[in-house]
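**Q** Quick one: the structure is below, questions incoming.
Just so you know, all these numbers are worked out from the coordinates, no wet-lab data involved. The shown structure was predicted, so the numbers you read here are calculated from the model rather than taken from an experiment. As a convention, Cβ positions derive from the backbone with ideal geometry for all residues, glycine included, and neighbour counts pool all protein chains shown.
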Amino acid sequence: MLKLQTAPPNRADRRWIAAILLLGLALRIPGLNGGLWYDEVDTLTSYIRLPLGTLLSTYDSLNNHMFYSLLAKLSVTVFGEQPWAIRLPAMVFGLASIWALWRLGRLVAGEVPGRLAALMMAVSYHHVWFSQNARGYTGLLFFGLLATIFLVRGTADPRWRHWLAYGLCLALSMYTHLSAAFLFFAHGLAYLAILVRRLPDLDRGAILRPLGGVLAGLALTLLLYARLLGDMVNTFSGVQAGPADALDAASIAQWANPMWMLSEMAAAFGPFGPLGVLILPATVLVMIWGSVLVARQSAVLALILPVHLITTTALLVLLGFRVWPRYFLIDIGLISLMLIVGAIGIGNWLATQAGQADRARQAGMILAGLGIAASLVLLPRNYTAPKQDYPGAAAYVEATRPAGAPVIALGLGRMPFERLYAPDWAFAERAEDLAALPIDPARAWIVYTFAKVVERRLEPVFAQLALTHEKARFFPGTLAGGGIVVLRPK
């Protein structure tokens, strides 16, 4: 049986996590009320505004994170339709996931590594970004970490309470977003690997109780989705079939390529300059070292991260889905934990090799602190701009264009302006839409976003606009590729 550190937190430990959570809250409040970005506008206008009964029976897009949509609707009902209220459940789940990582960290690695892992995630740029994003990803992270705690406990001590709690986390994760299935698939493979190793003296409880918990979780998941099963089949069939438009299909093919995801993740190391080339492989090596150390305490936990990364990528490619980096936010807790444990272990080893065994603990803490400091380098970027500045672009155009000058929101810029920020403008998603407008595009102001995608889709249109228009303003955003371009007639 594993010797997990299951003693209740002492007063010092509770004070530490309270301070970390307060820091996390302070980092997540600035910008919480900024303009909504593309997916958030879609969530608000397509789902949160629906009557409750209609919302509970609507699954026409993977963009509907069911449990999040319900919580956001409750928040908006109580506080009004403000961006911060729409994002409030994401922030609460974000803070709760910091607490859950602390509990997992102290369970398998001890009090100090648990605190440091929670601190690393609290100051993570990506965690802050998603904690201010009105989507279900921080909910997935929270329920995923809770499930992982019960998996570790259940592996060491297969009591019904651990596995039934695991099943509840499974159902709530799946109700938040079905991509949770990838994590629980990885959990299953990791647990099976442990069972195989224990075969000589395996007892029935190690099989029947986990199976019972998983079946209970799946039954609850089916109950939650019972009214949506027909819609879900049609939605997933449409995603797998892909778009009929060749240009849309080309964009999807790019996003479904794992190399695109890797390039996006590598771009996150840009603020480190030339050091970024070294930081990525060094990070991987520290994580591997941390996984080896964690495996001594919980082999199943050490297996989850690599199994999830590999199987999720493979399944997304196999199913023809987009390999978005956001599908891997659920791993950020385990990544933080492995980095902290690995940094402390490497520091200890270096000090011992240098004949400074009495300073091994301090060396480990220094190296872990450097890792947290590296996270802080990226953090300020979160406050430099909104995710996408649709309200800023709309206000600029309205204040600057000549009286009576028409405005066209083009391509992927159409939906947010049409539904929320500038419903009185003209809109064209494709070249034929533009040609059908009773407006001469040469006289109109043009607003669009996701420039690389839109300019590729509408290449002939932009070849003509290059002759008649000039760039008036660019509104940057923290969403990769999500800056908003405003063109005006020359």
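**Q** Between GLU81 and ARG197, what is the label-to-label distance in nm when each label sits 7 Å out along the Cα-to-Cβ direction?
**A** 5.4
**Q** Here are labelled values, (i) 69, 43, 43; (ii) 79, 62, 48; (iii) 77, 54, 42, and one is the computed Cα extents along the principal axes in Å for what I pasted. Which one?
**A** Correct label is (iii).
**Q** For PHE236 and ARG473, FRET efficiency with R0 = 45 Å and r from the beta-carbon atoms, rounded to 0.05?
**A** The computed FRET efficiency comes out at 0.70.
**Q** Next up: Tell me which of GLY481, ALA422, GLY404 sits at the most positive position along the dipole axis of region 390-489, charges placed on C-beta atoms (Lys, Arg +1; Asp, Glu -1).
**A** It is GLY481.
**Q** About the Cα centre, and with charges only on the beta carbon of Lys, Arg (+1) and Asp, Glu (-1), how big is the dipole of region 11-383? Nearest 20 debye, please.
**A** 1180
**Q** Which FRET efficiency value, to the nearest 0.05, do you get for ALA442 and ALA399 by plugging their Cβ-Cβ distance into 1/(1 + (r/R0)^6) with R0 = 25 Å?
**A** E(calc), rounded to 0.05, equals 0.65.
**Q** Give a residue-ordered list of calculated ³J(HN,Hα) values for region 363-380 (Karplus: 6.51 cos²θ - 1.76 cosθ + 1.60, θ = phi - 60°; whole Hz; x for Gly, Pro).
**A** My calculation for region 363-380 gives 5, x, 5, 5, 5, 5, x, 5, x, 5, 4, 5, 4, 5, 4, 7, 4, x Hz in order.
**Q** Ordered by residue, what ³J(HN,Hα) values in Hz, to whole numbers, does region 172-188 give under the Karplus form 6.51 cos²θ - 1.76 cosθ + 1.60, where θ = phi - 60° and Gly and Pro are x?
**A** Residue by residue, region 172-188 yields 5, 5, 5, 6, 6, 6, 5, 5, 4, 4, 5, 5, 6, 5, 5, 4, x Hz.
**Q** Averaging sequence separations of C-alpha pairs under 8 Å and six or more residues apart, then dividing by the length of region 390-489, give the relative contact order as a whole percent.
**A** The normalised contact order for region 390-489 reaches 28 percent.
**Q** LYS387: which aspartates and glutamates have alpha carbons under 19 Å from its alpha carbon, excluding same-chain residues fewer than 8 sequence positions away?
**A** Answer for LYS387, where 19 Å is the Cα cut-off: ASP39, GLU40, ASP42, GLU81, GLU264, GLU418, listed by chain and number.
**Q** Here's another thing I want to ask about it. Report the extension gain between LEU318 and ASP433 in nm, rounded to one decimal, defined as 0.36 nm multiplied by the number of residues separating them, less their alpha carbon distance.
**A** Answer, rounded to one decimal: 38.0 nm.
**Q** Kindly write out, for region 339-352 in residue order, the coupling ³J(HN,Hα) from the Karplus curve 6.51 cos²θ - 1.76 cosθ + 1.60 (θ = phi - 60°), rounded to whole Hz, with x marking Gly and Pro.
**A** Karplus-based 3J(HN,Hα) across region 339-352 equals 5, 5, 4, x, 5, 5, x, 5, x, 4, 5, 4, 5, 5 Hz.
**Q** Once you order the gyration tensor axes a ≥ b ≥ c over the Cα atoms, which shape class does region 76-223 get: rounded for a/c under 1.5, otherwise prolate or oblate by comparing a/b with b/c?
**A** In terms of gyration-tensor shape, oblate.
**Q** If you don't mind, there's one more thing I want to ask. Mind listing the long-range amide H neighbours of ARG473? Cut-off is under 5 Å, sequence gap 5 or more, other chains count too, H placed in the peptide plane at 1.01 Å from N.
**A** Under 5 Å from the amide H of ARG473: VAL486.
**Q** Could you name the aspartates and glutamates whose alpha carbon sits less than 20 Å from that of LYS490, not counting residues in the same chain fewer than 8 places away?
**A** GLU398, ASP440, GLU455, GLU459, GLU470
**Q** Which order do the peptides 136-146, 98-108, 7-17 take when ranked by the mean count of other beta-carbon atoms within 10 Å per residue, highest first?
**A** In descending order of packing, they fall as 136-146, 98-108, 7-17.
**Q** With +1 on each Lys and Arg Cβ and -1 on each Asp and Glu Cβ, and nothing else charged, work out how big the dipole of region 390-489 is about its Cα centre, in Debye to the nearest 20.
**A** My answer is approximately 240 debye.
**Q** Related question: What does the extension gain come out to for LEU52 and TYR383, with contour length at 0.36 nm per residue minus their alpha carbon separation?
**A** The span from LEU52 to TYR383 would gain 115.7 nm if fully extended.
**Q** Fewest first, what order do SER46, SER298, SER57 take by the number of other Cβ atoms within 10 Å?
**A** In increasing order of surrounding Cβ atoms, one gets SER57, SER46, SER298.
**Q** Now, a different point. Return the calculated 222 nm mean residue ellipticity for the chain, to the nearest 500 deg cm²/dmol, obtained by summing -39500 (n - 2.57) across DSSP H runs with n ≥ 4 and dividing by the residue count.
**A** For the chain, the value works out to -20500 deg cm²/dmol.
**Q** I'd like to know which of LEU104, THR313, HIS127 lies farthest towards the positive end of the charge dipole of the chain, counting +1 on Cβ of Lys and Arg and -1 on Cβ of Asp and Glu.
**A** LEU104
**Q** Let me ask something else about it. So between ALA19 and ARG227, what do we pick up on full extension, going 0.36 nm a residue minus the alpha carbon distance?
**A** So the extension gain works out to 70.6 nm.
**Q** Further question: What is the calculated FRET efficiency for GLN356 to ILE288, with r their C-beta to C-beta distance and R₀ = 25 Å, to the nearest 0.05?
**A** That pair, GLN356 with ILE288, gives E of 0.55.
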